[in-house]
Amino acid sequence: MSKITSFNDDFMEKLRDPEFASHYLMSAIVDNDLQFLPTALGDIAKAHGMSKLAEGTGINRRTLYKVFDKESNPSFELVTQIMDHLGLSLEVK
């Protein structure tokens, strides 16, 4: 009997793949959907584990959840610190 997984479980597993996560994040940038960008980064962070991210970045969980709120306006430094820990980077051409 095959195991049935939920959409969310499957999606979280896919977001752990750096290439998939990169495409997911880029979709918000390409579509110029800046309100979705923190949500997309938050989804990737949740897939990797918020506690692990908090420990690895030194940013407390409460602050991380605020960063990923679509109403937030986090600093570029904070976003790049999170992205770096998740194995993601920004490239401008």
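Across region 64-93, which residue is nearest to ASP10 (Cα to Cα) among those that are in contact with a helix residue (DSSP H, G or I) (Cβ under 8 Å, 6 or more places away or on another chain) and without any contact (Cβ under 8 Å) to a residue 12 or more places away in the chain?
Checked region 64-93; the qualifying residue nearest to ASP10 (Cα to Cα) is SER89.
Of all residues in region 1-56, which are hydroxyl-bearing (Ser, Thr, Tyr) and surrounded by 13 or more Cβ atoms within 10 Å (Cβ to Cβ)?
SER22, TYR24, SER27, THR39
Identify all residues within region 1-28 that are out of contact with any helix residue (DSSP H, G or I) (no Cβ under 7 Å at 6 or more places or on another chain) and in a helix (DSSP H, G or I); write none if there are none.
Those that are out of contact with any helix residue (DSSP H, G or I) (no Cβ under 7 Å at 6 or more places or on another chain) and in a helix (DSSP H, G or I): PHE7, ASN8, ASP9, ASP10, PHE11, GLU13, PRO18, GLU19, SER22, HIS23, MET26, SER27.
State all residues of region 75-93 that are open to solvent by 40 Å² or more (accessible area, probe 1.4 Å) and part of a loop (DSSP other than H, G, I, E, B); if no residue qualifies, say none.
Result: SER75, GLY87, SER89, LEU90, GLU91, VAL92, LYS93.
The values are calculated or read from the model by the stated rules, or taken from the named source; none is laboratory data. The structure displayed is predicted, hence computed values, not measured ones. All Cβ positions, glycine included, derive from the backbone under ideal geometry; neighbour counts span all protein chains shown. Accessible surface areas use protein heavy atoms only, side chains included; no ligands, DNA or RNA. Shrake-Rupley method; radii C 1.70, N 1.55, O 1.52, S 1.80 Å.
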